[in-house]
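Peer 1: Below is a structure I'd like to ask you about.
The values are calculated or read from the model by the stated rules, or taken from the named source; none is laboratory data. Values in this document were obtained by computation on a predicted structure and should not be read as measured data. For neighbour counting, all protein chains shown are included, and Cβ atoms are generated from backbone atoms with ideal geometry for every residue, glycine included. Areas reflect the complete protein model, heavy atoms only, side chains present, ligands, DNA and RNA absent. Shrake-Rupley method; radii C 1.70, N 1.55, O 1.52, S 1.80 Å.
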Amino acid sequence: LQTLLLAAMSVAREREQGTFDQLLVTPFRPAEIMVGKAFPSMLVGIVQATTILLVAQLWFCIPFARSFVTLYAGLSLFLLAAVGIGLLVSSIAVTMQQAMLFSFVLVMRFTLLSGLTTPLSSMPKVLQRITLVNPLRYAIAIVQRVYLEGAGFGLLLPDLWPLAPLAAVTLATAAWMFRHRLT
């Protein structure tokens, strides 16, 4: 979830330095600015995922059960949702410290409620419902199912489709908030 932190920090830093206001008065639309802010963070996430995949394959010799295309499609959708949340955080935060603190609080909650350390089925029903808006929950399921079980796109739809609205809502809300911060 470093991509969430990178996205949040980049905009907050520009806001502190005053360069983000200059960026907002350029002829670029807020959606284009969001793409420009999201792409580097997503690229960092893809590089990190590739590094981890290479370590798992080459160092630990963990067998891979499915296609890399399926895995990277799921990870890309997750990264888009994570970057959307990071940009949403940055649209709320005024300083870099606020963005960093809020990002760390979110990352901690996302990790605890992702099913990584505690199975989702053993959580109370209220927490299970809260995890439905946690993109890390779906990313962990996607990686496990593709990497270990060999699941294809058809079997991954229950984990893929929630990431798309999460990404769309967070990116659209962040763009709207940036646009309305000028007024």
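Peer 1: So, in the range 55-75, how many residues would count as being open to solvent by 90 Å² or more (accessible area, probe 1.4 Å) and of a type outside the set (A, V, I, L, M)?
Peer 2: Residues meeting the conditions: 6.
Peer 1: Just one of Ala99, Ala174, Ala93, Ala167 is within 21 Å of Thr50 (Cβ to Cβ) and in contact (Cβ under 8 Å) with a residue 60 or more places away in the chain; which is it?
Peer 2: Within the list Ala99, Ala174, Ala93, Ala167, the selection yields Ala167.
Peer 1: Ala93 fails exactly one of the following numbered conditions: (1) crowded, with 19+ Cβ neighbours inside 10 Å; (2) of a type in the set (A, V, I, L, M); (3) within 21 Å of Tyr138 (Cα to Cα). What is the number of that condition?
Peer 2: (3)
Peer 1: Condition check: of a type in the set (Val, Ile, Thr), over 17 Å from Ala164 (Cα atoms) and at pLDDT 85 or above. Does Val55 satisfy that?
Peer 2: yes
Peer 1: At pLDDT 85 or above and farther than 22 Å from Gln144 by Cβ - does that describe any residue in the range 44-51?
Peer 2: yes
Peer 1: Residues to consider are Ala12, Ala49, Ala38; find the one that is open to solvent by less than 50 Å² (accessible area, probe 1.4 Å), without any contact (Cβ under 8 Å) to a residue 40 or more places away in the chain and under 20 Å from the mean Cα position of the chain (by Cα).
Peer 2: Ala49
Peer 1: From the residues in the range 112-130 that are among the β-branched types (Val, Ile, Thr) and either at pLDDT below 90 or in contact with a strand residue (DSSP E or B) (Cβ under 8 Å, 6 or more places away or on another chain) (or both), which one is surrounded by the most Cβ atoms within 10 Å (Cβ to Cβ)?
Peer 2: Going through the qualifying residues, I end up with Thr118.
Peer 1: Another one. Which of the residues belonging to the range 59-83 are of a type in the set (Phe, Trp, Tyr) and in a helix (DSSP H, G or I)?
Peer 2: If the condition is that a residue be of a type in the set (Phe, Trp, Tyr) and in a helix (DSSP H, G or I), then Trp59, Phe68, Tyr72, Phe78 are the ones that fit.
Peer 1: Here's another thing I want to ask about it. Among the residues of the range 146-167, which ones are under 19 Å from the mean Cα position of the chain (by Cα), open to solvent by 60 Å² or more (accessible area, probe 1.4 Å) and not aromatic (Phe, Trp, Tyr)?
Peer 2: Once the filter is applied, which keeps residues that are under 19 Å from the mean Cα position of the chain (by Cα), open to solvent by 60 Å² or more (accessible area, probe 1.4 Å) and not aromatic (Phe, Trp, Tyr), the range 146-167 yields Leu157, Pro158.
Peer 1: Among the residues of the range 118-139, write down those that are in contact with a helix residue (DSSP H, G or I) (Cβ under 9 Å, 6 or more places away or on another chain) and within 25 Å of Arg66 (Cβ to Cβ).
Peer 2: Leu120, Ser121, Thr131, Asn134, Pro135, Leu136, Arg137, Tyr138, Ala139 - these are the residues of the range 118-139 that are in contact with a helix residue (DSSP H, G or I) (Cβ under 9 Å, 6 or more places away or on another chain) and within 25 Å of Arg66 (Cβ to Cβ).
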